[in-house]
Each structure stands twice: as C-alpha cells, then as structure tokens.
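Contents: one structure, followed by commentary.
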Amino acid sequence: MQRGDLAQAEQAFQQLLALLPADVEALCFVADRQLARDQHALALDTLQAALQANPDSAPLLHQLGATQLAAGAFAAAALSLRGCLRQQPRAFLARLRLGIALEQLQQPKEALLAYYGAIRQAQLQGRWLNDATTAPALREVVQYAMRYVNDGRARLFSELLEPLRQRHGASELVRVEHCLAVHLGQQALEFPDARQQPKFLYFPGVPSQPFYPHERFPWLETLEAATATVRAELRAVLEQASLEAFLGEPDSAATTSMLRGESGRAAAWDAYFFHRHGKHYDDHRARCPQTTRLLDALPLVHIRDHAPEALFSVLRPGTHILPHRGVTNTRLVTHLPLIVPRDCALRVGGEIHEWQEGRCVTFDDTFEHEAWNRSDQTRVVLILDSWNPDLTEVERLAVTALVEAIGDFNQACDETPADA
C-alpha cells in the first residue's frame with residue numbers, strides 16, 4: 001500500500017480478512033477499493049461488517065456516509081455522517097458531505113447550515129482559504145459549497161429585513177442593505193478612516209470619529225450627576241463582593257495577549273457585571289439598586305445574546321490593556337470615571353484621553369484603543385454601551401434583527417447536527 005501498489009495490497013488485506021474477518025483496517029481498505037470500482041453494494045456490506053466490530057468509530061461512520069452518498073442513499077448517508085459529527089464536530093469534510101446529502105434530500109436550510117459549518121471549521125483549521133489550502137480533488141465541490149452559502153445567507157438575511165421594508169419603505173434601509181452586503185463580502189469594505197476596523201459588523205454612511213461630543217447624548221448629564229451615588233455602591237462592592245477577571249483565567253490566551261504588567265507588577269483587569277452579552281446579573285443588580293435604576297433608564301443597546309454590556313471596570317495598578325478593536329460601529333462605548341488616580345489614560349485612534357472623575361467620555365471602540373494604569377492605586381470606571389446616534393430608529397431595529405439572526409445562524413452551524 002505504501003508503494004502505491006493498491007491491487008497487491010488489496011490481495012494481502014483479503015488474505016488477512018480470511019484469518020481475521022473483523023480486522024477494521026483491512027475492511028476499510030477493501031471497502032475503499034470497492035468504492036473506487038463503483039461496487040457500492042459490496043463496499044457497504046464491507047463497512048457494515050467493520051461497524052459491527054467497532055460501532056462507535058467516527059472514521060468508520062464517515063467512510064460509511066461517504067459510500068452511502070456515492071451510492072445515492074442520501075438519507076442513510078446523512079444519518080451516518082451525523083453519527084460521525086456527534087463524536088468529531090470539527091470534521092469539516094464530514095460536514096461538507098452532510099451538506100451534499102441534505103441538498104439532495106431537498107432540505108435547503110439544513111444543507112446551508114452544514115455547508116457553512118464545514119467552511120467555518122475548515123478555515124479555522126487553516127484549510128479551504130484558497131486553492132493552495134484545498135485538496136485538488138475537493139476544489140470544485142468546496143467552491144460550489146461557498147457559492148451555495150453566499151447565495152443562501154444573502155437570501156436568508158434579506159428576507160429577514162422584508163417586514164421592515166414593507167413597514168417603512170426600502171429607502172429607510174439603504175444603509176442597512178449596504179452594511180449587509182459588506183458583511184457578506186458582496187461589496188468591498190472601504191473605511192473612511194483607516195484607523196477604524198470593526199471585527200464583526202461595519203455600518204457605512206455614518207461619520208467616523210474616535211471620540212464623540214457630549215451634546216450628542218443628552219442623558220450623559222443624568223449619568224454624571226449620579227457619580228457620587230454610583231461610587232458609593234462601587235466602594236461597597238470593592239469591600240464586600242468578589243470580582244471576576246474580565247478576560248477569563250489569568251493564563252488564558254485572551255489574557256496573555258491583551259494585558260501587560262508594567263514595572264514588574266502583575267497585570268489584572270477585573271469586572272463586576274450588571275449585564276454581559278445581554279445577560280442580566282441579577283445578584284449584582286440587587287446589590288447596587290441605585291446604579292441599576294440608573295442603567296435601566298438609559299438608552300442602552302438591547303440585542304439578544306449580545307447586548308447590553310454594563311460593568312464596573314477595575315484596572316489594577318501597573319496594568320496595561322494592549323491595543324485592540326471592538327466588533328461594530330453601530331454602538332458606542334461610554335465610561336463614567338469613578339476612581340481615577342494619576343497616570344491613568346485611554347488612547348483611541350492615537351488620541352489620548354485622561355479620565356476625570358464624574359466626567360463621561362464616549363468613543364467608538366472599532367478604532368484601535370488601549371488603556372493603562374501606571375499608578376499604585378486601582379482605577380475604576382462604569383462602562384456601558386449605547387447606540388451610535390447617527391443610526392435612525394429603523395436602522396437600529398434592522399441591526400438588532402440582523403445581529404440576532406447572524407448569531408443564531410452561526411451557533412446553529414457550529415452545533416452537532418441533530419438527526420432528522
């Protein structure tokens with residue numbers, strides 16, 4: 001087999017099977033050769049014999065599914081490939097073949113999920129990025145899957161916006177349509193400011209600026225007027241409550257890549273969340289009732305599983321949050337500084353801002369930004385997110401619907417496909 005003499009290798013494996021009928025390696029090799037000769041029935045019988053010896057083998061289930069697919073047994077192929085993916089969810093080739101089976105079964109939505117999941121998993125593993133990272137035998141089918149995904153996602157998300165078009169008119173959604181086309185790669189991404197690079201969703205046609213003036217947000221006066229009240233609840237939290245690391249475990253990849261300790265001190269960025277990814281922290285909210293009432297009265301972004309984000313951000317002495325970028329310019333970030341020692345600052349798009357206690361700052365975090373505390377005391381700000389004021393109410397509704405739908409779609413693609 002290693003010399004490439006497949007015929008002689010098959011004879012040797014057949015002799016082995018005469019002595020050991022349940023040898024899985026031999027059965028798989030023989031089935032592969034039978035499939036190459038279009039002996040589908042023989043190949044299926046051979047693989048079924050192998051599965052009897054090893055019924056939970058993901059590679060066997062994958063090979064069986066591929067053989068069933070070649071034989072035109074699409075329902076059986078889907079069942080076998082799902083069995084493989086339950087054990088090996090990152091098996092992108094099995095997901096690709098599942099997409100083919102589901103398309104043949106006239107299940108376009110499920111096929112779209114399988115194809116997109118295959119492409120996502122492959123590209124996460126450095127494959128299917130271009131012809132050089134795609135096996136020659138797979139290039140045509142991978143290109144087909146990509147076209148299927150592009151057309152399917154565009155249709156899915158465009159249909160999602162149809163009720164808003166009917167209710168408000170297509171003219172109200174022109175910028176949203178442009179935003180979606182950029183996200184899907186149908187239109188080139190052109191930033192008016194090269195310093196701005198959203199990680200997820202770019203909304204075109206709004207002014208690009210690192211910092212936003214106070215007058216764009218009338219509610220900032222209410223927030224600033226409550227500084228003393230919020231700070232009093234913060235001090236009680238610092239004395240009595242436990243915080244969590246904003247980026248997870250101290251040795252996690254996110255922490256080591258995002259934080260740096262200065263002057264020999266260990267870096268630490270802690271948080272006390274009121275909301276995170278749209279989830280309410282009920283215990284934290286109950287502990288800080290005045291802050292909670294204040295937050296509930298503000299025009300925060302509300303997107304299921306994504307927003308709002310609101311927290312006490314606690315930056316320990318000697319900690320530098322390294323340059324990074326946010327996900328979308330549809331929302332902005334506001335800081336209410338509560339405890340600010342000297343030698344603490346925020347830099348957004350190359351422009352430095354020094355916090356002043358009780359004086360809010362609002363910025364677009366899709367510009368590269370960083371923060372540091374070079375003092376020997378802890379710095380704390382209240383962080384919250386709000387809509388970009390240059391979006392209309394209809395555009396906010398559309399962005400909410402799109403972000404939720406994109407999140408649901410991506411999650412469904414990453415899940416282990418369920419049996420029909």
Identify, from the list Arg265, Arg293, the residue that is touching a Pro at 6+ places or on another chain (Cβ under 7 Å) and either in a helix (DSSP H, G or I) or more than 17 Å from Leu382 (Cα to Cα) (or both). Arg265
Look at Asp365 and say whether it is touching a residue at least 40 places away in the same chain (Cβ under 8 Å), under 23 Å from Gly278 (Cα atoms), touching a Gly at 6+ places or on another chain (Cβ under 6 Å) and among the acidic types (Asp, Glu). yes
Does Leu384 fit the bill of being in contact with a Cys (Cβ under 8 Å, 6 or more places away or on another chain) and in a strand (DSSP E or B)? no
Please go through segment 12-66 and pick out each residue that is farther than 19 Å from Gln2 by Cα and either in contact with a Pro (Cβ under 8 Å, 6 or more places away or on another chain) or surrounded by 21 or more Cβ atoms within 10 Å (Cβ to Cβ) (or both). Ala43, Thr46, Leu47, Ala49, Ala50, Leu60, Leu61, His62, Gln63, Leu64, Gly65, Ala66
Checked segment 2-54 for anything at pLDDT 85 or above and assigned to a loop (DSSP other than H, G, I, E, B); matches are Gln2, Arg3, Gly4, Asp5, Leu20, Arg37, Asp38, Gln39
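Answer with yes or no whether Gly83 is under 38 Å from the mean Cα position of the chain (by Cα), over 24 Å from Met1 (Cβ atoms) and surrounded by fewer than 18 Cβ atoms within 10 Å (Cβ to Cβ). Talk me through it step by step, then tell me what you get.
Numbers: under 38 Å from the mean Cα position of the chain (by Cα): yes; over 24 Å from Met1 (Cβ atoms): yes; surrounded by fewer than 18 Cβ atoms within 10 Å (Cβ to Cβ): no.
Spelling it out, it is not the case that Gly83 is under 38 Å from the mean Cα position of the chain (by Cα), over 24 Å from Met1 (Cβ atoms) and surrounded by fewer than 18 Cβ atoms within 10 Å (Cβ to Cβ).
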How about segment 67-79: which of its residues are open to solvent by 10 Å² or more (accessible area, probe 1.4 Å) and assigned to a helix (DSSP H, G or I)? Gln68, Leu69, Ala70, Phe74, Ala75, Ala76, Leu79
Every listed condition ((1) over 21 Å from Leu93 (Cα atoms); (2) in contact (Cβ under 8 Å) with a residue 40 or more places away in the chain) holds for Arg155 save (2)
Just to be sure I understand, how many residues within segment 110-134 are in a loop (DSSP other than H, G, I, E, B) and either in contact with a Cys (Cβ under 7 Å, 6 or more places away or on another chain) or under 12 Å from Arg97 (Cα atoms) (or both)? 0
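Of these, Glu395, Glu354, which one is of a type in the set (Asp, Glu) and free of Cβ contacts under 8 Å to residues at least 24 places away in the same chain?
Every option except Glu354 fails the conditions.
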Subset of segment 296-338 [assigned to a strand (DSSP E or B), in contact with a helix residue (DSSP H, G or I) (Cβ under 7 Å, 6 or more places away or on another chain) and more than 15 Å from Asn388 (Cβ to Cβ)]: Ala310, Phe312, Ile321, Leu322, His324, Leu336, Leu338
Filter result for Cys344 (touching a strand residue (DSSP E or B) at 6+ places or on another chain (Cβ under 9 Å), crowded, with 21+ Cβ neighbours inside 10 Å and without any contact (Cβ under 8 Å) to a residue 40 or more places away in the chain): yes
Here are some residues: Glu415, Glu393. Which one is among the charged types (D, E, K, R), surrounded by fewer than 16 Cβ atoms within 10 Å (Cβ to Cβ) and over 30 Å from Ile119 (Cβ atoms)? Glu393
Residues in segment 135-185 that are of a type in the set (A, V, I, L, M), over 22 Å from Pro108 (Cβ atoms) and outside any helix (DSSP H, G or I): how many? 1
State yes or no: is Val333 in contact (Cβ under 8 Å) with a residue 12 or more places away in the chain and touching a strand residue (DSSP E or B) at 6+ places or on another chain (Cβ under 6 Å)? yes
Of residues in segment 242-256 being farther than 19 Å from Arg374 by Cα and in a helix (DSSP H, G or I), the one least open to solvent (accessible area, probe 1.4 Å): Ala254
Pairs needed: first member in segment 97-126, surrounded by fewer than 20 Cβ atoms within 10 Å (Cβ to Cβ); second member anywhere, hydroxyl-bearing (Ser, Thr, Tyr); C-beta distance under 9 Å; at least 6 residues apart or different chains. Glu103/Tyr115; Glu103/Tyr148; Pro108/Tyr148; Gln123/Thr133; Gly126/Thr133
Every residue in segment 215-225 that is under 17 Å from Asn388 (Cβ atoms) and surrounded by 14 or more Cβ atoms within 10 Å (Cβ to Cβ), please. Phe217, Trp219, Leu220
Conditions (1) touching a His at 6+ places or on another chain (Cβ under 8 Å); (2) buried (at least 18 other Cβ atoms within 10 Å of the Cβ); (3) more than 21 Å from Tyr116 (Cα to Cα): number failed by Ala91: (3)
Looking at the structure I just gave you, is Arg304 under 17 Å from Lys279 (Cα atoms) and open to solvent by 20 Å² or more (accessible area, probe 1.4 Å)? yes
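The values are calculated or read from the model by the stated rules, or taken from the named source; none is laboratory data. The structure displayed is predicted, hence computed values, not measured ones. Quick reminder, even Gly has a Cβ in these numbers, built from the backbone with ideal geometry, and neighbours come from all protein chains shown. Each accessible area value is taken on the protein alone, full model and side chains, heavy atoms only, with ligands, DNA and RNA left out. Shrake-Rupley method; radii C 1.70, N 1.55, O 1.52, S 1.80 Å.
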